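**Student:** Take this structure, written in structure tokens, and hold onto it; I'll ask about it next.
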Amino acid sequence: MSALAIHGGTPVRTKPFGGWPVFGREEEEALLAALRSGIWGSIDGTYVKQLEVAFAELQSARHGIACVNGTMALSVALKALGIEPGDEVLVPPYTFIATASAALMIGAIPVFVDVELDTLLIDPALIDAAVTPRTKAIIPVHHGGSPADMDGVMAAAGRHGLKVVEDAAQAHGSAWRGRPVGAIGDIGTFSFQSSKPINAGEGGIMLTNDDELDELLWSYRNVGRRRGGEWYEHVRLGWNLRMTEFQAAVILEQMKRMPAQQAHRTEAAAYLGARLSEIPGAVPLRVPDGVTAHSWYTYHWRWLGAADGGLPKMAFAEALRAEGIPVFHGYTPLNRNQAVIDEIARLGGPEPVACPNAEKAEADEILMFSLPILMGTHADIDDVVAAVAKVAAVRA
Ligand SMILES: Cc1ncc(COP(=O)(O)O)c(C=O)c1O
């Protein structure tokens, strides 16, 4: 066996992986057209309006309301659903901080419902036990682009009268039992931040099938105005969270590239999963049966080889990076994030419960490849697999 690069051996790969986003003349021309139109804001412009229609159609929703980012989209969604300070909102702990902070920023208390260890998705079997008289909503996260178990989530929401906000920040093009995510619950929110499958550097959108929620989301995004009202008519308090025409012009072009890119990543993920599975200790995440489309925003997998004498997770990741493979060690579970814990305490909420699966995932198991690796060729993925096999063979 050749020496690990971290010990001075030759790295498996020295070439960088591809960049993200992919763009060309189409984005350039769209941006210039938006610029030359002289209308840069969405109030009088056409690009944001087109995007709202096109993105809602992509995800089979009746309404789309574009905004500045996926974080504010979540806060606005909760606000529009009538979530008040002190209300409890169920969230999985293994996610980006925004899923919980968006609730906290409007005074609501995130209550954590652990994920399944083999999917990293919220475990519907744990929802009932987390519900209290103050629970008003649940935010399933379609983590990495894999839809959460929406059968289980919607059934639990029905049992307890909870509103459902799908955090689909990573799940452009994903579907559960043939139904695109985002409007399965009451509201779904997406991000167009730089790393996302469709992006313009920043941006977000909220989707809903409900006409009244559409009006409310539009109003909260638009400084509390009402559609058709006077410019200085503010019927409620809201934020200015409007997207610019430049962002929408770019996103509309990126959307045209998305289906082929998603198909590429889907094939690449299957290839990577099959090859990783040949390595003792490397275990791909389970994709639930109901997932009929997956954005493959990220590729998370489990390193279980430490139990058989292989390197512990963090040492494994470090060694893999030295082999020329960018690998990430994933999220800190939000029930263990001090800023989240402190804010919950400040608001008088209950101390976050332990979430053994999310904590084990972080401490011992989960490694993650980001989207550019899945946009690569089989030869790129072969390098990834060769490096994983090399590091997996090392005894601690
Ligand atoms: C699961 C999840 N929720 C919410 C967000 C927030 O989106 P944004 O970065 O656009 O605010 C992100 C983005 O990173 C995310 O991954």
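**Student:** Which pairs have Cβ atoms under 8 Å, sit 6 or more apart or on different chains, and link a residue in region 327-347 that is more than 14 Å from Met368 (Cβ to Cβ) and modelled with pLDDT under 95 to one that is outside any helix (DSSP H, G or I) and not small (Gly, Ala, Ser)?
**Tutor:** As it stands, the answer is none, since no pair meets every condition given.
**Student:** Quick one: His160 ticks every box in (1) away from the ligand (no atom under 15 Å from the Cβ); (2) surrounded by 21 or more Cβ atoms within 10 Å (Cβ to Cβ) bar one, so which box is it?
**Tutor:** Result: His160 fails condition (2) only.
Quick grid of which residues meet (1) touching a strand residue (DSSP E or B) at 6+ places or on another chain (Cβ under 8 Å); (2) under 29 Å from Glu116 (Cα atoms); (3) free of Cβ contacts under 8 Å to residues at least 60 places away in the same chain; (4) surrounded by 16 or more Cβ atoms within 10 Å (Cβ to Cβ):
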site: Thr14; (1), (2), (3), (4): no, no, no, no
site: Phe17; (1), (2), (3), (4): no, no, no, yes
site: Leu51; (1), (2), (3), (4): yes, no, no, yes
site: Val68; (1), (2), (3), (4): yes, no, no, yes
site: Thr71; (1), (2), (3), (4): yes, yes, no, yes
site: Leu78; (1), (2), (3), (4): yes, yes, no, yes
site: Val91; (1), (2), (3), (4): yes, yes, no, yes
site: Ile97; (1), (2), (3), (4): no, yes, no, no
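**Student:** Look at region 265-279 and say how many of its residues are surrounded by 16 or more Cβ atoms within 10 Å (Cβ to Cβ) and assigned to a loop (DSSP other than H, G, I, E, B).
**Tutor:** 1
**Student:** Here is a follow-up. Would it be correct to say that Ile39 is β-branched (Val, Ile, Thr), at pLDDT 95 or above and more than 27 Å from the chain's Cα centre (by Cα)? Steps first, please.
**Tutor:** Details: β-branched (Val, Ile, Thr): yes; at pLDDT 95 or above: yes; more than 27 Å from the chain's Cα centre (by Cα): yes.
Yes; evaluated as a whole, the condition is true for this residue.
**Student:** Next up: Which of (1) touching a residue at least 40 places away in the same chain (Cβ under 8 Å); (2) more than 9 Å from the ligand (Cβ to nearest atom); (3) on the phi < 0 side of the Ramachandran plot is the odd one out, the single condition Met154 does not satisfy?
**Tutor:** It fails just one condition, (1).
**Student:** Any idea which residue in region 181-202 is nearest to Ala157 (Cα to Cα), counting only those that are of a type in the set (D, E, K, R) and within 14 Å of the ligand (Cβ to nearest atom)?
**Tutor:** Restricting attention to region 181-202, the residues satisfying the condition of being of a type in the set (D, E, K, R) are 186, 196, 202.
When the remaining residues are screened for being within 14 Å of the ligand (Cβ to nearest atom), the result is 196, 202.
Details: Lys196: 28, Glu202: 31 Å.
The selected residue is Lys196.
**Student:** Take Ser75 and tell me if it is modelled with pLDDT of 95 or more, touching a helix residue (DSSP H, G or I) at 6+ places or on another chain (Cβ under 7 Å) and hydroxyl-bearing (Ser, Thr, Tyr). First the steps, then the outcome.
**Tutor:** Values: modelled with pLDDT of 95 or more: yes; touching a helix residue (DSSP H, G or I) at 6+ places or on another chain (Cβ under 7 Å): yes; hydroxyl-bearing (Ser, Thr, Tyr): yes.
Judged against the criteria, Ser75 is a match.
**Student:** Hey, another quick one. Test of understanding: among Asp118, Asp87, Asp128, which residue is without any contact (Cβ under 8 Å) to a residue 40 or more places away in the chain and surrounded by fewer than 24 Cβ atoms within 10 Å (Cβ to Cβ)?
**Tutor:** Selected residue: Asp128, the only one of Asp118, Asp87, Asp128 that is without any contact (Cβ under 8 Å) to a residue 40 or more places away in the chain and surrounded by fewer than 24 Cβ atoms within 10 Å (Cβ to Cβ).
**Student:** Please enumerate the residues belonging to region 341-396 that are buried (at least 21 other Cβ atoms within 10 Å of the Cβ), within 20 Å of Ala5 (Cα to Cα) and of a type in the set (Asp, Glu).
**Tutor:** The one that is buried (at least 21 other Cβ atoms within 10 Å of the Cβ), within 20 Å of Ala5 (Cα to Cα) and of a type in the set (Asp, Glu): Asp383.
**Student:** Out of the residues in region 134-151 meeting the condition of being part of a helix (DSSP H, G or I) and within 16 Å of the ligand (Cβ to nearest atom), tell me which one is farthest from the chain's Cα centre (by Cα). Walk me through it before giving the result.
**Tutor:** So in region 134-151, the residues part of a helix (DSSP H, G or I) come out as 143-145, 150-151.
Still in the running and within 16 Å of the ligand (Cβ to nearest atom): 143-145, 150.
Values: His143: 5, Gly144: 6, Gly145: 6, Met150: 15 Å.
Here the residue is Met150.
**Student:** For region 175-209, give me the residue count where each residue is within 22 Å of Leu78 (Cα to Cα) and without any contact (Cβ under 8 Å) to a residue 60 or more places away in the chain.
**Tutor:** Taking region 175-209 first, the residues within 22 Å of Leu78 (Cα to Cα) are 180-193, 202-209.
Subsequent filtering for residues that are without any contact (Cβ under 8 Å) to a residue 60 or more places away in the chain retains 184-185.
Adding up the residues that qualify gives 2.
**Student:** Does Ile205 fit the bill of being out of contact with any His (no Cβ under 7 Å at 6 or more places or on another chain), within 28 Å of Asp151 (Cβ to Cβ), among the β-branched types (Val, Ile, Thr) and within 16 Å of the ligand (Cβ to nearest atom)? Can you show your working first?
**Tutor:** Working: out of contact with any His (no Cβ under 7 Å at 6 or more places or on another chain): yes; within 28 Å of Asp151 (Cβ to Cβ): yes; among the β-branched types (Val, Ile, Thr): yes; within 16 Å of the ligand (Cβ to nearest atom): yes.
When the stated conditions are applied, Ile205 passes them.
The values are calculated or read from the model by the stated rules, or taken from the named source; none is laboratory data. These numbers come from a predicted model, not from an experiment. Note that we place each Cβ from the backbone using ideal geometry, even for glycine, and neighbour counts take in every protein chain shown.
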